[in-house]
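Enquirer: A single structure is presented below for examination.
Taken together, the values in this text are just the output of simple stated rules run on the coordinates, not laboratory data. For clarity, every value in this text was computed on a predicted model and none was experimentally measured. With ideal geometry, Cβ positions are generated from the backbone for all residues, glycine too; neighbour counts draw on all protein chains shown.
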Amino acid sequence: MRREFIAGNWKMNTVTKEAAALAAAVVKAAEGVSHRVLIAPPYTALHAVLPVISGTNVELGAQNASCELAGAHTGEISVTMLADLGVTVVILGHSERRQIYFETDELINKKIHTVLAAGLEVIFCVGETLDEREAGRAVAVVEEQLKNGLVGVDASQLSRLTLAYEPVWAIGTGKTATPDDADEIHAAARKTVATMYNSELAENLVVQYGGSVKPDNVRELMAKPNIDGALVGGASLSADSFGPIVRFNS
Ligand code: PEP
């Protein structure tokens with residue numbers, strides 16, 4: 001049985017005071033929900049957010065991590081540092097990291113290994129561009145990113161990995177994949193995982209959809225059999241929009 005999982009990626013937004021206030025509002029919205037709820041503030045706000053969510057059902061995520069553990073890596077943040085600040089889940093492979101910061105499948109795979117080896121969880125993002133979708137390559141691209149990202153990842157570690165399907169053309173654009181389109185890709189991704197590992201692990205894999213999820217489309221998306229959660233960008237920055245998403249089933 002897969003546990004539904006709603007996550008908010010705040011990206012490069014909020015200073016500490018704003019972050020603490022938004023986290024408090026999310027805690028309120030998440031009161032009594034039985035599925036997982038996570039917020040991923042910027043690194044600089046993690047320290048301010050931790051006491052706000054401590055002892056609640058809201059989990060703390062980071063938006064990235066270094067593939068290295070320590071040393072001469074100016075500007076990088078290690079998983080040890082993140083764990084020290086209460087982070088339990090790290091988002092990796094986001095399309096903004098891939099496209100703007102040129103993160104390759106190989107680097108993302110290295111990061112996945114580093115995060116999992118540290119005992120943390122991963123939200124692993126995959127998704128095709130508009131050109132790739134229009135060329136009929138959406139499934140192939142997702143499969144390739146998935147296979148490359150999971151190279152060497154042991155079956156025993158897969159329960160600490162959530163997959164997020166985020167079509168690049170739907171992120172921050174107001175365009176959402178139709179629930180059927182998203183469900184089809186999720187099903188294909190699950191099939192790939194079954195081939196790489198086994199059908200039980202594939203069946204247990206939690207797959208989030210991300211790309212312009214809003215209060216008015218979340219229910220329809222979440223109703224699909226292969227959509228187990230949402231990774232939310234823009235709409236996670238306000239309690240008015242993230243609250244109803246968090247409470248999509250109540
Ligand atoms: C994201 O960046 O992960 C995302 C899905 O953004 P948005 O919800 O704004 O499309």
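Enquirer: Excluding residues on the same chain fewer than 8 positions from Lys17, give the lysines whose Cα lies under 28 Å from its Cα.
Expert: Lys28, Lys214
Enquirer: Quote to one decimal, in nm, the extra length available between Asn249 and Thr173 on full extension: 0.36 nm per residue of separation minus the C-alpha distance between them.
Expert: Additional length available on full extension: 24.9 nm.
Enquirer: If neighbour count is taken as other Cβ atoms inside 10 Å, put Lys11, Lys17 in order from fewest to most. Don't skip to the end; give the middle numbers.
Expert: Details: Lys11 17, Lys17 10.
Least crowded to most crowded, the residues run Lys17, Lys11.
Enquirer: Need one number: nm distance between label points at Thr16 and Ala135, each 7 Å from Cα along Cα→Cβ, rounded to one decimal.
Expert: Once both label points are built, they end up 4.7 nm from each other.
Enquirer: Sticking with this one: At 7 Å along the Cα-to-beta-carbon direction for both His47 and Arg3, put a label point, then send me their distance in nm to one decimal.
Expert: 3.0
Enquirer: Using 0.36 nm per residue of separation minus the Cα-Cα distance, give me the extension gain between Glu106 and Asn57 in nm, one decimal. Present the calculation step by step, with values, prior to reporting the outcome.
Expert: Details: separation 49, 0.36 × 49 = 17.64 nm, distance 3.36 nm.
Contour length minus the Cα-Cα distance gives 14.3 nm.
Enquirer: Please state the Cα pair-distance histogram of the stretch 21-81 with 10 angstrom bins from zero: what percent is in each bin?
Expert: 21, 44, 24, 10, 1
Enquirer: If R₀ is 22 angstrom, what is the calculated FRET efficiency for the pair Asp84 and Lys214, using the beta carbon separation as r and rounding to 0.05?
Expert: The computed FRET efficiency comes out at 0.05.
Enquirer: For every helix of n ≥ 4 consecutive DSSP H residues, a contribution of -39,500 (n - 2.57) applies; sum these over the chain, divide by its total residues, and give [θ] at 222 nm rounded to the nearest 500 deg cm²/dmol. Let's see the in-between values first.
Expert: Details: 11 runs with 101 residues, N = 250.
The helix-only estimate for the chain comes to -11500 deg cm²/dmol at 222 nm.
Enquirer: A further question on this structure: Starting with the fewest neighbours, write out Glu220, Glu134 ranked by other beta-carbon atoms found within 10 Å of each beta-carbon. Walk me through the intermediate numbers first.
Expert: Numbers: Glu220 14, Glu134 11.
Going from sparsest to densest Cβ surroundings: Glu134, Glu220.
Enquirer: Ok, one more. So for the stretch 171-233, averaging the separation of alpha carbon pairs under 8 Å that are six or more residues apart and normalising by length, what relative contact order in percent results?
Expert: For the stretch 171-233, the relative contact order is 41 percent.
Enquirer: Per 5 Å bin, what percent of the C-alpha pairs of the stretch 5-246 does each bin hold, from zero upward?
Expert: Calculated over all Cα pairs of the stretch 5-246, the distribution is 1, 7, 15, 19, 21, 18, 12, 6, 1, 0 percent.
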